[in-house]
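Working notes, beginning with the structure itself.
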Amino acid sequence: MRHKSLLAMATMQAARKIGKLIPSNTSVLLCDIQDRFRPLIYNSSTIVNTAKLLTTACDKLDMPCIITEQYPKAFGPTVTDCFENGDADAFYAKHGAPNPKKLFSMMTPEVTEKLQSFEQRKTVLLFGIEAHVCVQQTALDLLETGYDVHLVVDATSSQTKYDREIALQRMASSGVYLTTAQSALFMLLQSAEHPNFKEISKLVVEHSKLPNEFNA
């Protein structure tokens, strides 16, 4: 029995190192993409466009999404363009309203409790702003509590390019998987035979037609 337990543990550890994304095991975390930050963030148009792709796709793949807002009284609500047709209310009706916070990390008691309620979901797809503060602290907190963290780099930024770049390096060195929206979505699908393949592919094609400031 002990041998089997050790073997199972080793298998789980190996799977974690690979870092695959599976819809039934994954939760989505959208961090602080708010109105007041929008004009200040490096490549903000791409961040918002990619956030919209991800929130729309997570709906179609039945993955829960948790949203936070940093002190919304001062920094405003989540940018409505992050959602399909700009309809934030429809998204909140399904996933819950944004969680206000003053803590830099998303992992407030309320968010932690909600995330833990998804018992079978031990992988997090994370994106938002700012990379070097709230996103980074969220990623480290998640790693510390045993979650696999996949950071969508084309939906994550800071006010400066330098802060963003250093934050990505810092998170990757700590065990965060860096990915792009397209890479993450096609990994979630796994096959062209997935029932949502055509829907997701159409979203990706439409998104690809938009300017990607990170490719400049």
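The values are calculated or read from the model by the stated rules, or taken from the named source; none is laboratory data. Just so we're clear, the structure is a prediction, and the values are computed from it rather than from any experiment. Because the Cβ atoms are built from the backbone with ideal geometry, glycine has one as well, and the counts that use them run over all protein chains shown. For accessibility, only protein heavy atoms count, side chains too; no ligands or nucleic acids. Shrake-Rupley method; radii C 1.70, N 1.55, O 1.52, S 1.80 Å.
Considering each of Cys65, Cys58 in turn, give the residue that is under 25 Å from Glu110 (Cα atoms) and either in contact with a helix residue (DSSP H, G or I) (Cβ under 7 Å, 6 or more places away or on another chain) or of a type in the set (Gly, Ala, Ser) (or both).
Of the residues listed, the single one that is under 25 Å from Glu110 (Cα atoms) and either in contact with a helix residue (DSSP H, G or I) (Cβ under 7 Å, 6 or more places away or on another chain) or of a type in the set (Gly, Ala, Ser) (or both) is Cys65.
Within region 74-98, how many residues turn out to be in a helix (DSSP H, G or I), in contact with a Phe, Trp or Tyr (Cβ under 9 Å, 6 or more places away or on another chain) and closer than 19 Å to Ile129 by Cα?
Of the residues in region 74-98, 2 are in a helix (DSSP H, G or I), in contact with a Phe, Trp or Tyr (Cβ under 9 Å, 6 or more places away or on another chain) and closer than 19 Å to Ile129 by Cα.
Within region 99-110, take every residue that is surrounded by 20 or more Cβ atoms within 10 Å (Cβ to Cβ) and not in a strand (DSSP E or B) and give me the one that is nearest to the chain's Cα centre (by Cα).
Met106
Only one residue in Ala51, Ala74 is buried (at least 23 other Cβ atoms within 10 Å of the Cβ) and among the small types (Gly, Ala, Ser), so which one is that?
Answer to the selection: Ala51.
Return only the number of the condition from (1) under 20 Å from Leu151 (Cβ atoms); (2) open to solvent by 20 Å² or more (accessible area, probe 1.4 Å) that Val79 does not satisfy.
(2)
With the condition kept exactly as written, say whether any residue in region 140-147 is of a type in the set (Ser, Thr, Tyr) and not in a helix (DSSP H, G or I).
Yes, the conditions are met somewhere in region 140-147.
Residue by residue, here is whether (1) surrounded by 20 or more Cβ atoms within 10 Å (Cβ to Cβ); (2) of a type in the set (A, V, I, L, M); (3) touching a residue at least 40 places away in the same chain (Cβ under 8 Å); (4) assigned to a loop (DSSP other than H, G, I, E, B) holds:
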residue: Glu113; (1), (2), (3), (4): no, no, no, no
residue: Val124; (1), (2), (3), (4): yes, yes, yes, no
residue: His132; (1), (2), (3), (4): yes, no, no, no
residue: Ser173; (1), (2), (3), (4): no, no, no, no
residue: Ser191; (1), (2), (3), (4): no, no, no, yes
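Examine region 140-148 for a residue that is surrounded by 21 or more Cβ atoms within 10 Å (Cβ to Cβ) and in contact with a His (Cβ under 8 Å, 6 or more places away or on another chain), and state whether such a residue exists.
So far as region 140-148 goes, no, none of its residues is surrounded by 21 or more Cβ atoms within 10 Å (Cβ to Cβ) and in contact with a His (Cβ under 8 Å, 6 or more places away or on another chain).
Sort out which residues of region 15-48 are among the small types (Gly, Ala, Ser), over 25 Å from Lys101 (Cα atoms) and surrounded by fewer than 15 Cβ atoms within 10 Å (Cβ to Cβ), and write them in order of number.
Ala15, Ser24
With the structure loaded, tell me whether Ile67 is touching a Cys at 6+ places or on another chain (Cβ under 9 Å), closer than 29 Å to Lys161 by Cβ and at pLDDT 95 or above or whether it fails that test.
Considered against the rule, which asks whether it is touching a Cys at 6+ places or on another chain (Cβ under 9 Å), closer than 29 Å to Lys161 by Cβ and at pLDDT 95 or above, Ile67 comes out as yes.
Can you tell me which residue among Ser158, Ser191 is in contact with a helix residue (DSSP H, G or I) (Cβ under 6 Å, 6 or more places away or on another chain), modelled with pLDDT of 95 or more and of a type outside the set (Phe, Trp, Tyr)?
Sole residue among the options that is in contact with a helix residue (DSSP H, G or I) (Cβ under 6 Å, 6 or more places away or on another chain), modelled with pLDDT of 95 or more and of a type outside the set (Phe, Trp, Tyr): Ser158.
Considering only region 55-97, state which residues are in contact with a strand residue (DSSP E or B) (Cβ under 6 Å, 6 or more places away or on another chain) and of a type in the set (A, V, I, L, M, F, W, C).
Cys58, Met63, Cys65, Ile66, Ile67, Phe75
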